[in-house]
Structure formats: structure tokens, C-alpha cells
Amino acid sequence: MWCRYLSEPIAGNAIDLTVVWAAHAALRRELVHLDRVTTAVNDDAGRVLSRAAGWRLLKQALHAHHRAEDDVLWPALRRTLADRPQQLALLEALEAEHAVIRSVIKAIDAALADPQVDPLRLGDLVDTLVTGLAGHLDHEEEAALPLIQGALTAEQWDRFSHVHAQHIARYARDLLPWLVAGADEATVEKLLAPLPAATRSAFTDEWLPAYLALERWGPGSAH
């Protein structure tokens, strides 16, 4: 499976955070678009958002990223930091933030399913998600990533990377282009270089062109 290649560590750097930084950058990019939907189209926001490919991709990517953290990364850190209560409290806070984000997404989807949804309520929910997720990404980068580099072994990180890649692989043709879109050339090459030739060819010839053709956040973006 191609996800094995995506999760292989970079030689000479036991804890390589490239995929995490790329995922965070892509999530921030999509939050900008999400915010614009509810501020630019007013009463049509519910219709646009319910059809938006960008909303589907954001949820898929966020689920893959957070699921791998919840199932593998935080438990590994918790075992390593068992005698450090301050760091354990940080992990609990990050997990709680994940739960809040999930609940807000669920509330947004419930609102989108309601044909009589109040546009102001939908806007408030989207604002809550944008603010909460942006704050969560900041929290991880400022507190968790330095902790990961200082506390995790290469084997623990490889395990997380593999599980993260497995979750992305469920939607590979959508999420791999989504992950690298807008990234700098060095990041793109680092993420794609380990892929087998057939997968990289599929990415270049099929997946990326299909992604670029999507109107992810426009009225006609249901795909």
C-alpha cells in the first residue's frame, strides 16, 4: 500500500514534522475559504456550504489528522511523560480541543441539513470552528510539537506517521493533492519523493488535475 511509503522517515532526521506542518498549513488555508463562504454569500451560505467539496475535504482531512493523534500520538506521549503532570495536562487539553471541534462540525452539519436554518446561527457556528481550530493549531505548534521532538522516539514517531498515512490513504486521490496544494516546492518534493512510481504517476496525471479542476468553495462545487 502506498501509505507505507508516505510514512517512511527521512534518513538523518528521526522526527521529521513535514507532514504535520503541511497538514496545518492546508487546514489554515481552508479555514480562510470557509470563513469567506459565510461572510460573502449571506443567505445562500447554507446552500453553498452544504454542496461545497471544500467542506467535505476539510472534514476528511481533519478526521484523518485528529484520529491519528488521538489513537497513536497522544497515547505514546502519555506513556513517555507519565511522571510529568504538566505535560500530561497539555495532552488532556489538546484532546479536549479535538472533542470540541468535532462537536462544532457536527452542529454545522446538523444546521446544513435544516432547510430553515438561521443564517446567523450558521455564521456563528462557522466562526466558532474557524476560531477554535486556528487556536488549536497554534496550541499544537507552540506546545506539542517541541514536546514531540524532545520526548518521542523515532519508533514511536514512525508508528504515528504510518497510521496518519493510513487514514489519508482512505481518500488518497482527494487528500494527497489537498495536502500539497500551495506548499513550497521543497515540501511537495519531500512528501511525494517516497511514493512508488505508479502512485506518483497517478497523482501527477489524474489526482492533481482533478483536484485543481474543483471549484471547492463555490456554488457549483458538489463533487
Practice task
Select, from ALA99, ALA110, ALA134, ALA154, the only residue that is modelled with pLDDT under 95, of a type in the set (Gly, Ala, Ser) and open to solvent by less than 70 Å² (accessible area, probe 1.4 Å).
Solution key: ALA154
Practice task
Might you let me know whether the range 21-43 holds any residue that is over 24 Å from LEU176 (Cα atoms) and surrounded by 18 or more Cβ atoms within 10 Å (Cβ to Cβ)?
Solution key: yes
Handout entry: Answer residue from the range 180-216, given it is at pLDDT 90 or above, under 28 Å from GLY46 (Cβ atoms) and not charged (D, E, K, R) and is nearest to the chain's Cα centre (by Cα) among those
Key = ALA181
Practice task
Determine if the range 47-60 includes at least one residue that is open to solvent by 10 Å² or more (accessible area, probe 1.4 Å) and under 29 Å from TRP157 (Cβ atoms).
Solution key: yes
Fill in the blank from the handout: For ASP127, the lone unmet condition from (1) of a type in the set (D, E, K, R); (2) surrounded by fewer than 19 Cβ atoms within 10 Å (Cβ to Cβ); (3) under 18 Å from HIS65 (Cα atoms) is (3)
Handout entry: Conditions (1) more than 14 Å from the chain's Cα centre (by Cα); (2) surrounded by 17 or more Cβ atoms within 10 Å (Cβ to Cβ); (3) within 14 Å of LEU73 (Cβ to Cβ); number of the one not met by HIS167
Key = (1)
Completion exercise
Going through the range 70-92 in order, the residues found to be assigned to a helix (DSSP H, G or I) and touching a residue at least 60 places away in the same chain (Cβ under 8 Å) are ASP71, VAL72, LEU73, ALA76, LEU77, THR80, GLN87
Handout entry: Meets criteria (part of a loop (DSSP other than H, G, I, E, B), open to solvent by 30 Å² or more (accessible area, probe 1.4 Å) and over 30 Å from GLN86 (Cβ atoms)) for PRO115
Key = yes
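The values are calculated or read from the model by the stated rules, or taken from the named source; none is laboratory data. A quick note: this is a predicted structure, and the numbers were derived from the prediction, not measured. Don't worry about glycine lacking a Cβ; one is built from the backbone with ideal geometry, like all the others, and counts go over all protein chains shown. Just the protein is used for accessible areas: all its heavy atoms, side chains included, with ligands, DNA and RNA removed. Shrake-Rupley method; radii C 1.70, N 1.55, O 1.52, S 1.80 Å.
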